[in-house]
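Asker: I have a structure I would like to understand better, so I am pasting it below and will then ask my questions one at a time.
The values are calculated or read from the model by the stated rules, or taken from the named source; none is laboratory data. From a predicted model like this one, the values you see are computed outputs, not experimental measurements. Every residue, glycine among them, receives a Cβ derived from its backbone with ideal geometry; neighbour counts consider all protein chains shown.
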Amino acid sequence: MSKGSELIEQFDTGALSTDIIPPSFTDPDVLFEVLKKIIESDRPDIDMDMVARAYELAKKAHKGQKRKSGEPYLIHPVCVAIILTQIQMDTEAIVGGLLHDVIEDTEFSEQDIVEMFSKEIAILVEGVTKLTQLNYSADKLDVQAENLRKMFLAMAKDIRVIIIKLADRLHNMRTLEFMKPEKQKEKARETMDIYAPLADRLGISKVKVELDDLSLKYLEPEAYKDLSEKFNNLRDKKEVFVKDIMARVKDTLEIEGISAIVDGRVKHLFSIYRKMLNQNKTLDQIYDLFAIRIIVDTEQQCYTALGIIHEMYKPIPGRFKDYIAMPKSNHYQSLHTTLIAPSGQPFEIQIRTREMHKIAEYGIAAHWKYKETNKSSKVEGDDEKIAWLRQILEWNNDMSDNKEFLSLIKSDLNLFADSVYCFTPEGDVKTLTAGSTPIDFAYSIHSAVGNKMVGARVNGNIVKLDYVIQNGDRVEIVTSQNSKGPSRDWLKVVKTTQAKNKINQWFRSEFKEENITKGKELLYQYAKTKGIDLSILLKPEYTGPCKRKYGFNDWDSVCAAIGHGGLREGQIINKLQYEYDKRNNKVVNEADVLKAIEKVNESNKKSEARHTNAKNKGSIVVEGLDDIAVRFSRCCNPVPGDEIVGFVTRGRGVSIHRTDCVNMVNLPAEERIRLIDAEWSDSARTNEKDYPVEIVIYSFNRSGVLLDISRIFTESKIDVKSMNVRTTKQDKATIIVGFETHGVEQLNRLVKKIRNVESIIDIERRSN
């Protein structure tokens, strides 16, 4: 039997099986036969003629193109089409998957696709092309926010765009081993932050779990390898136990007259890793490593089967969850119960109907049916299924502050927050973050309800506003038109990011004019003390980059942020001055620069600084100079990954600064002749050397905030070298933390974790 025939035989049409394709596989025609086999056996609704025409076009367009792995490029779009077929997408989406790189990478245009297929397919391909062109940046807030805005707008036009993109990302993650290490981490971080949460929000668990695991593999390779080995050893030991339970359950259900499919489910590695990390547990303390899944015909049979199971095995108290009565936000439904076997071994059983199982596996794609009249890209009943997308689009229209928009998006896509289920007085289910209060509940209904809230009743009884909502609570919000609005104290008790942002938004709106005036005064006073003519700096060519850096659309918003304390006036003046200097500095003669550097270099040869700083040699590459002493400035503490510049000192070699260092930004014109290009060497980016750095954390003065911050440093295995805390009369805290880091990538991961701590307002690198 040929390799191609073996490959076709191996395929399981019920699984996302393209990961079994060996890297050396080079025959896309055989792979297309696999796609045809899946469609013929499992998807008779698909227009195979259109799919075949799309394949021929892709074959022609990508002729001669290769992937990083060396395989024909055509293999990639065929694998994407297979994944889309297996998650129950329609003909147009599968064709879009086959053609998703044609506009970007070949001579064919969007109009060509319209003429050969349809406008609908062309829109899908163009939408995926635009998403592919977005450059994710974890450390550039304005770039990341703008790209997310474009992504959600593309989803609003046709949500199939993002589903094709998820399939594209899944196959790319499977072949990530052929990319450079830094690219692997970049793509894995983007997948973990954006694409896996989106797959979860759409309910496509088959894609979500694999994206999670593959991201973990490249972000935490040692932890992934260690956990894989331990888990595989444990799985071998548990296999007999699980099969025995499955056989007993199936036999008992048949005796009771219930026809059921009984199979096993293994918890995916990322989920295990997250639970071990968050709950500080070992592998053998995780109860639901192996779950037995029971699939029945009706909802009534789910509860009947549950009763039978509880008679067979003793349930563990507090470990039962009814997601049928109270579905998850992505419409997942199932009964979960954890039981104890006679041997004392805990295990989990999940019970659901066939329809629930389909939704659990394929999410929104499970109901992909179009209106026959116009083939609208709206899914029947999608108002409920993607209401969250409408909410995000409302945020997109309402918010000019990129930081606030990002905070809400990441909170909404958060995979880590446990949920609590409660009811409105009308009996509707509301899903909130665990620990939420009636204030969170009010703002989840509408910002107007939260802003006019004066009290709350839970289960008919009046409660305090800091009451923690429990599963099953019936919550009623008391409002009054005489309410003066939310209190700043509410920010200390609310749990959800949405509520915090709505409260802050109210204060910013209510006192915006006052904050704008105050911010302008602070800017003027600061400029005056520094002897700076502010009127020269407030020109569009200087204020524009400043607005983009801090994520605002207009200058009044920047001033308002200064007025309410979100930004410091010194930050803004320094940025404006930097932009001014960049455009207006006198052009220095190149011969003068070389002469000055040569003179200083001669002086450096006689300096002891060269020897005392030898340990830094090899970390920095200084353009045009060899064998010169290099030292890192203490004023801004650059680390690998920062944009840097060299400053030729008198007798102390070259000092390396961040390009945004205050001392470099405010450098007198006559001294700028000493600036010289510098960059990090490849060894500096990859070694494990530690570099000193300080961050400033601005926070509300909440009890326990220091403990939460310290815990993050401990979990990240970073030793704190110094910590200084001061508080203000406005009950705000400024925390300066000194530590050592390998580089910007590790620093950004740490800062991201700290930003998620409750009560944190802002974080910035310190520059003396």
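Asker: Given the structure, is residue 249 in contact (Cβ under 8 Å) with a residue 24 or more places away in the chain and either in contact with a Lys or Arg (Cβ under 7 Å, 6 or more places away or on another chain) or hydrophobic (A, V, I, L, M, F, W, C) (or both)?
Answerer: For residue 249, the condition - in contact (Cβ under 8 Å) with a residue 24 or more places away in the chain and either in contact with a Lys or Arg (Cβ under 7 Å, 6 or more places away or on another chain) or hydrophobic (A, V, I, L, M, F, W, C) (or both) - is met.
Asker: Output the residues belonging to region 469-503 that are assigned to a loop (DSSP other than H, G, I, E, B) and charged (D, E, K, R).
Answerer: 473, 484, 495
Asker: So in region 145-182, with the set limited to residues that are at pLDDT below 85 and of a type in the set (Lys, Arg), which one is farthest from residue 550 (Cα to Cα)?
Answerer: 160
Asker: Further, regarding this structure: For region 324-340, indicate whether the set of residues that are in contact with a Gly (Cβ under 9 Å, 6 or more places away or on another chain) and of a type in the set (Lys, Arg) is non-empty.
Answerer: yes
Asker: Shifting gears a bit: Quick check on my filter: what residues within region 254-273 are of a type in the set (Gly, Ala, Ser), buried (at least 16 other Cβ atoms within 10 Å of the Cβ) and within 30 Å of residue 222 (Cα to Cα)?
Answerer: Correct list: 271 only.
Asker: Answer with yes or no whether residue 318 is out of contact with any helix residue (DSSP H, G or I) (no Cβ under 9 Å at 6 or more places or on another chain) and modelled with pLDDT under 85.
Answerer: yes
Asker: Take the residues of region 709-733 that are over 22 Å from the mean Cα position of the chain (by Cα) and within 22 Å of residue 501 (Cβ to Cβ): which is modelled with the lowest pLDDT?
Answerer: Ranking the qualifying residues of region 709-733, first place goes to 730.
Asker: Okay, moving on. Within region 307-326, how many residues turn out to be free of Cβ contacts under 8 Å to residues at least 60 places away in the same chain and surrounded by 14 or more Cβ atoms within 10 Å (Cβ to Cβ)?
Answerer: 11
Asker: Here's a follow-up. Restricting to region 252-270, give me the number of residues that are modelled with pLDDT of 90 or more and in contact with a Lys or Arg (Cβ under 9 Å, 6 or more places away or on another chain).
Answerer: 3
Asker: Further, regarding this structure: Just name the residue that is modelled with the highest pLDDT out of those in region 22-56 that are more than 13 Å from residue 83 (Cα to Cα) and among the β-branched types (Val, Ile, Thr).
Answerer: Among those that are more than 13 Å from residue 83 (Cα to Cα) and among the β-branched types (Val, Ile, Thr), it is 51.
Asker: Working only within region 538-561, note down all residues that are aliphatic (A, V, I, L, M), modelled with pLDDT of 85 or more and surrounded by 20 or more Cβ atoms within 10 Å (Cβ to Cβ).
Answerer: Answer for region 538-561, where residues must be aliphatic (A, V, I, L, M), modelled with pLDDT of 85 or more and surrounded by 20 or more Cβ atoms within 10 Å (Cβ to Cβ): just 558.
Asker: A further question follows. Taking only region 158-169 into account, find how many residues are in contact with a Lys or Arg (Cβ under 9 Å, 6 or more places away or on another chain), of a type outside the set (Lys, Arg) and assigned to a helix (DSSP H, G or I).
Answerer: Of the residues in that region, 2 qualify.
Asker: Return the pair list, or none, for Cβ contacts closer than 6 Å from residues in region 52-65 that are within 15 Å of residue 31 (Cα to Cα) to residues that are surrounded by fewer than 17 Cβ atoms within 10 Å (Cβ to Cβ), at least 6 apart or on different chains.
Answerer: none
Asker: Among the residues of region 733-756, what is the count of those that are in contact with a strand residue (DSSP E or B) (Cβ under 6 Å, 6 or more places away or on another chain) and not in a helix (DSSP H, G or I)?
Answerer: So the answer is 9.
Asker: Kindly evaluate residue 711 against the criterion of being of a type in the set (Lys, Arg) and under 22 Å from residue 637 (Cβ atoms).
Answerer: no
Asker: Restricting to region 160-205, name every residue that is of a type in the set (Val, Ile, Thr) and touching a Gly at 6+ places or on another chain (Cβ under 6 Å).
Answerer: Within region 160-205, 161, 164, 204 qualify.
Asker: While we're on this one: Considering (1) buried (at least 20 other Cβ atoms within 10 Å of the Cβ); (2) not in a loop (DSSP other than H, G, I, E, B), say which one residue 186 fails and leave the rest.
Answerer: In the conditions (1) buried (at least 20 other Cβ atoms within 10 Å of the Cβ); (2) not in a loop (DSSP other than H, G, I, E, B), residue 186 misses (1) alone.
Asker: Among the residues in region 678-700, are any touching a residue at least 40 places away in the same chain (Cβ under 8 Å), assigned by TED's automatic domain parsing to the domain that holds residue 757, touching a helix residue (DSSP H, G or I) at 6+ places or on another chain (Cβ under 6 Å) and surrounded by 14 or more Cβ atoms within 10 Å (Cβ to Cβ)?
Answerer: yes
Asker: Of the residues in region 241-263, how many are touching a Phe, Trp or Tyr at 6+ places or on another chain (Cβ under 6 Å) and in a strand (DSSP E or B)? Let's see the steps before the verdict.
Answerer: So in region 241-263, the residues touching a Phe, Trp or Tyr at 6+ places or on another chain (Cβ under 6 Å) come out as 242.
When the remaining residues are screened for being in a strand (DSSP E or B), the result is none.
So the count comes out to 0.
Asker: Of all residues in region 530-580, which are more than 20 Å from residue 697 (Cα to Cα), in contact with a helix residue (DSSP H, G or I) (Cβ under 8 Å, 6 or more places away or on another chain) and not in a helix (DSSP H, G or I)?
Answerer: Correct list: 530, 532, 533, 538, 552, 553, 554.
Asker: So, one more: So if I check each of 275, 238, 217, 230, which one is touching a helix residue (DSSP H, G or I) at 6+ places or on another chain (Cβ under 6 Å), at pLDDT below 85 and assigned to a helix (DSSP H, G or I)?
Answerer: 230
Asker: Suppose we filter region 420-447 for residues that are part of a loop (DSSP other than H, G, I, E, B), crowded, with 20+ Cβ neighbours inside 10 Å and in contact with an Asp or Glu (Cβ under 8 Å, 6 or more places away or on another chain); how many remain?
Answerer: Count: 1.
Asker: Just checking, does region 193-202 include any residue being at pLDDT 85 or above and of a type in the set (Ser, Thr, Tyr)?
Answerer: No - not one qualifying residue is present in region 193-202.
Asker: I'm told residue 613 meets every condition in (1) outside the structural domain of residue 729 (by TED's automatic domain parsing); (2) at pLDDT 70 or above except one. Can you identify the failing condition by its number?
Answerer: It is condition (2) that residue 613 fails.
Asker: Turning to a different aspect of this structure: What residue, among those in region 338-357 that are without any contact (Cβ under 8 Å) to a residue 40 or more places away in the chain and surrounded by fewer than 20 Cβ atoms within 10 Å (Cβ to Cβ), is farthest from residue 294 (Cα to Cα)?
Answerer: 344
Residue-by-condition table, conditions (1) outside the structural domain of residue 635 (by TED's automatic domain parsing); (2) surrounded by fewer than 17 Cβ atoms within 10 Å (Cβ to Cβ); (3) among the aromatic types (Phe, Trp, Tyr):
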residue: 675; (1), (2), (3): no, no, no
residue: 704; (1), (2), (3): yes, yes, no
residue: 716; (1), (2), (3): yes, yes, no
residue: 721; (1), (2), (3): yes, yes, no
residue: 732; (1), (2), (3): yes, yes, no
residue: 740; (1), (2), (3): yes, yes, no
residue: 748; (1), (2), (3): yes, yes, no
residue: 752; (1), (2), (3): yes, yes, no
residue: 759; (1), (2), (3): yes, no, no
